[in-house]
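The structure appears right after this line, and notes come after that.
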Amino acid sequence: MNYFPSVIPGVITSISLSLISLPVLAQSIPDGTTLTDVLPNQMVQGDLAESITGGFSLNGSTIHSFRDFNIDLGQRVYFQNLVGIDNIIARITGNNGSNIFGTLGVDGGANLFLINPNGITFGVEASLDLRGSLFATTATDIELNDGSLLNISSAAPDALLSIDPNAIFPNALRNYQGSIQSFADLTINESQSLSLVADVVEMKMSGLGSQVGIQDETSFFFDKPVVKRH
């Protein structure tokens, strides 16, 4: 089943930009609501990495909840893929954006959903190690069938996972807060989707291969720049 929006051909590729000063990052810190554990110095796919385990699972999906979520330059962070889990959701409930400067991966074939209303930045050296798709968004709310809004950060994990992912991502997402920036050469398998959904998405995109999702109301700033507005 495809849980991703309508897409256009394309792949995010290299960025020409001046050197970026990389700050010391707060590491990935669970917020205590999903029994998530972050285990350092684990062997994952032949090399050392931080391994993210636990979480709350329901209806074929696992949710992990973090106060902060960052990946430092040269760091590898992998979500463990439990048997029977097709989707892994990582929500950030703190006040800081997420900086992905190293490798973000899933040790398995599940799709990864990264949700941080405060913004998401993929640094120059960021990379993806995924066999499934990636969906990243800065939405704060989900619109339910009755028209009410469910806040993603404060909702109980079982409330989020009781909703069909096909209805949530991205058709029912509302109220985008931060922006998404990609300065990286992000690629995933051609059969999968790479979806960045926010009010403002800044990236350079050229070449073909993956599928990159576009949301109607998003403003896209490319290297030229080209701006998509509705």
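What follows is calculated from the coordinates using simple rules that are stated; it is not laboratory data. This structure is a prediction, so every number in the text was calculated from the model and none was measured. As a convention, Cβ positions derive from the backbone with ideal geometry for all residues, glycine included, and neighbour counts pool all protein chains shown.
Annotations for the structure displayed:
- Shape category assigned to the stretch 69-162 from the gyration tensor of Cα positions, a/c cut at 1.5: oblate
- Long-range HN-HN contacts of residue 66 with modeled amide H, under 5 Å: 31, 91, 92, 93
- Spin-label proximity, residue 47 to the stretch 105-147 - amide N less than 11 Å from point 7 Å beyond Cα toward beta carbon: 127-129
- Label-to-label distance, nm, for residues given as residue 191 and residue 35 (7 Å Cα→Cβ offset): 3.3
- On full extension, the segment bounded by residue 159 and residue 57 gains 35.6 nm, given 0.36 nm per residue less the C-alpha separation.
- Extension gain from residue 199 to residue 82, taking 0.36 nm per residue of separation minus the Cα-Cα distance: 38.8 nm
- Extending 7 Å from Cα along the Cβ direction at residue 95 and again at residue 129 yields two label points whose distance is 3.4 nm.
- Spin-label pair residue 151/residue 67, simplified geometry with 7 Å Cα→Cβ offset, distance in nm: 1.8
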